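FYI, it's all coordinate maths here, none of it is from the lab. Everything numeric in this text was worked out from a predicted model, so none of it was measured. Cβ: placed from backbone, ideal geometry, glycine included. Neighbour counts: every protein chain shown.
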Amino acid sequence: MKRVLFITYFWPPSGKASLHWPLYVIKHLPRESWEATVLTVDEDTFSQRDESLLADVDPSMTILRTAANDPFTLYRRFLGKPADALLIASETIATDNTSFRHRLALWIRMNLFVPDARVGWYFSAVGKASQYLRKHHFDAIVSIGPPHSAHLIGKKLSKRFHIPHIPVLIDPWVDIAYYKGFRRSAPTLALDNYFERSVISHAAAVVYVTQSSREEYLKKYPGTLNKSHVLYWGYNEESFEGLQFGNDSGVEIRLLHAGNIFDFQNPISLWRNIADLANSGKKISLTFIGTVSPGIRHSIEEHGLGNITKYRGFLPYCDVLAAMMDATHLLVCASEKRHVPGKLFEYLRTGKKIIAFGDDNPEVSSIIADADAGALFPYAYAGNDIFAEVDRHLPDISNARRFSREVIANDLAEILEANCEFLLPHS
């Protein structure tokens, strides 16, 4: 059995949604004759914990935990928050907070932490992994980002030990969506572009989780055509075992959004449509699981939807899936053209009708259309027929199964096999 080192900042018991791809892909890799060791941090102090995910970690797997050295303790202190205060992602980059400390913290984050605020992990991770790699043979290294500092760790170890490196870019690097609207200095951008270019050029193969991301990166790095691959985010089939459709609660429309939602993803026309339906006597509810930005909350209140809206906050993953199954409609908001939200694949697997928002996003539109699962609307949509349009569709669950992480693990194994003999220069 060949061996692969996975570098991922987020790992159980962290409840960060972005760990689901490595967690469940790794779970299926032994069937493809690949054994994984995980390099991660000792503690993720930003995300909430989900102890239930530990059940999906093979107890025999080697987990290398190293000091995170993250700045969030200092960040809390700087803002006058308690040391154990919960940090909300949508609030840390909120644009409606005009306090001097918040704006200064934003500038520091955008300009002094390159490539990201977790870069302090680099030093402890490279040190501990190097000690381990001197004693154990590995055939490949896979890094998961964001945080993209994981890719710098992967590249360093790859060059030091002459092991092929395969970065997986879940989100774009230099121009990730949450940088939108923020100014980054010229030196910061130059350094970040250098880091990105050095990782992409050194990699034996590069994996993107959307086709549109791959196409954008090929425009930037045309020489990477033959080593660029797409493995979608997907979903875990086992997580749906035993889940049933929700019971009729007397509410005709139960709309759910799972995950973080930011000010720049505000579907104002949807709130207007919901208000019209509620005013006409339709029994409707709106539920959010995860963090909701202040701007979204304000917009919902402006449309008079406060009395039918529930904010359930963070929930264990199994409870999130159960809530999806209980809904009649599921909401997903894409950030930009390259963004295919991970929750979309779980949504498809539920068989529920999907209301999607996104501008210039043919990939999301195509994925939904292939499963006849719903419709994609632009953020500036002015119609009052959103639910009528979506309800014309009959979702096909069988279409979603091609996105199972068991299938994705097989595809990753093929990429690993093709590159584990990749010759690296001794530099």
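Residues in the stretch 138-143 carry Karplus couplings, in order, of 10, 9, 7, 10, 10, 10 Hz; the curve used is 6.51 cos²θ - 1.76 cosθ + 1.60 with θ = phi - 60°, and Gly or Pro positions show x.
When peptides 129-139, 373-383 are sorted by average Cβ neighbour count within 10 Å, with the highest value leading, the order is 373-383, 129-139.
Evaluated over the stretch 237-402, the count of Lys pairs having alpha-carbon atoms less than 22 Å apart is 12 (only pairs 8 or more residues apart or interchain). Panel order for 387, 6, by other beta carbons found within 10 Å of each beta carbon, from fewest to most: 387, 6.
Only helical runs count toward this figure. For the chain, summing -39,500 (n - 2.57) over DSSP H runs of n ≥ 4 and dividing by all residues gives -11000 deg cm²/dmol at 222 nm.
Positive-end ranking of 307, 329, 281 along the dipole of the stretch 237-402, with charges on Cβ about the Cα centre, is headed by 307. Calculate, for residue 369 and residue 201, the FRET efficiency according to 1/(1 + (r/R0)^6) with r their C-beta to C-beta distance and R0 30 Å; round to the nearest 0.05. FRET efficiency, residue 369 to residue 201: 0.25. Coupling constants for the stretch 35-41 follow from the phi torsions by the Karplus curve (6.51 cos²θ - 1.76 cosθ + 1.60, θ = phi - 60°), and in residue order they are 10, 9, 10, 10, 10, 8, 9 Hz; glycine and proline get x.
What is the distance, in nm, between label points placed 7 Å from the Cα along the Cα-to-Cβ direction at residue 194 and at residue 130? Taking the two extended label points, one gets 2.0 nm. The lysines whose alpha-carbon is closer than 20 Å to the alpha-carbon of residue 135, local same-chain residues fewer than 8 away aside, are 2, 155, 156, 159.
Judged by the mean number of other Cβ atoms found within 10 Å, the most tightly packed of the peptides 9-21, 280-292, 219-231, 141-153 leads the ranking 141-153, 9-21, 280-292, 219-231.
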